[in-house]
Structure formats: C-alpha cells, structure tokens
Amino acid sequence: MMNTEGRKRILVLYEYFYPGYKAGGPVQSLQNMVLALQDYYEFYVIANAYDLNDTDYYSGVTTDDWNEVNLTKDAR
C-alpha cells in the first residue's frame, strides 16, 4: 500500500465504481479522477457491490466493509 501520510482524504459517494462499467460515463470519469489524483489524495469511495442492473456481487468484494482497489491505467 502506498504511503498516505500527510495526504488529504476525499470521500466519494456514487452508486457504481470500478470494476463496474454498465452505468456509463460517470463511472469512467470517477475512475479517471482517482487515477489522475491518487498520488496527491487518499480516496475513499462508497458504492454498490454490483454493477447496474446486476444482482450478483462483484467477485472478491466484501460487503459492509472497506475493500482496497488498486487502480492502474490498464484497468480502464
């Protein structure tokens, strides 16, 4: 995990986040924002554990808990 000491924290509340994609542009925009600014800010995203119109949870996601997601440019 990257050293986050001294960085400001940003809390984002949105219904969907990576690895979701079915909700369209806002998910991609949020992902791009985190990728662009993750060296300067510590991001916390609260989102659903499933994609738009899905009922199954993402694989490897623990609900009602913080899950660490390591985004890379390849994740787009």
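Taking Leu11, is it surrounded by fewer than 11 Cβ atoms within 10 Å (Cβ to Cβ), touching a residue at least 24 places away in the same chain (Cβ under 8 Å) and of a type in the set (A, V, I, L, M)?
Answer is yes for this residue.
Could you count how many residues in the range 2-20 are touching an Asp or Glu at 6+ places or on another chain (Cβ under 7 Å) and either modelled with pLDDT under 95 or part of a loop (DSSP other than H, G, I, E, B) (or both)?
Residues in the range 2-20 being touching an Asp or Glu at 6+ places or on another chain (Cβ under 7 Å) and either modelled with pLDDT under 95 or part of a loop (DSSP other than H, G, I, E, B) (or both): 4 in total.
Restricting to the range 38-76, and then to whatever is touching a residue at least 24 places away in the same chain (Cβ under 8 Å) and part of a helix (DSSP H, G or I), can you tell me which residue is nearest to Gly6 (Cα to Cα)?
So, considering only residues that are touching a residue at least 24 places away in the same chain (Cβ under 8 Å) and part of a helix (DSSP H, G or I), the one nearest to Gly6 (Cα to Cα) is Lys73.
Can you find, within the range 41-76, the residue that is nearest to the chain's Cα centre (by Cα) among those that are modelled with pLDDT of 95 or more and of a type in the set (A, V, I, L, M)?
Residue satisfying both the conditions and the ranking: Val45.
Within the range 25-56, which residues are β-branched (Val, Ile, Thr) and surrounded by fewer than 17 Cβ atoms within 10 Å (Cβ to Cβ)? Before the answer, list the steps.
So in the range 25-56, the residues β-branched (Val, Ile, Thr) come out as 27, 34, 45-46, 55.
Within the range 25-56, Ile46, Thr55 qualify.
The values are calculated or read from the model by the stated rules, or taken from the named source; none is laboratory data. Only a predicted model underlies this, so the values are computations on that prediction, with no experimental measurement involved. All Cβ positions, even for glycine, are placed from backbone atoms using ideal geometry, and neighbour counts span all protein chains on display.
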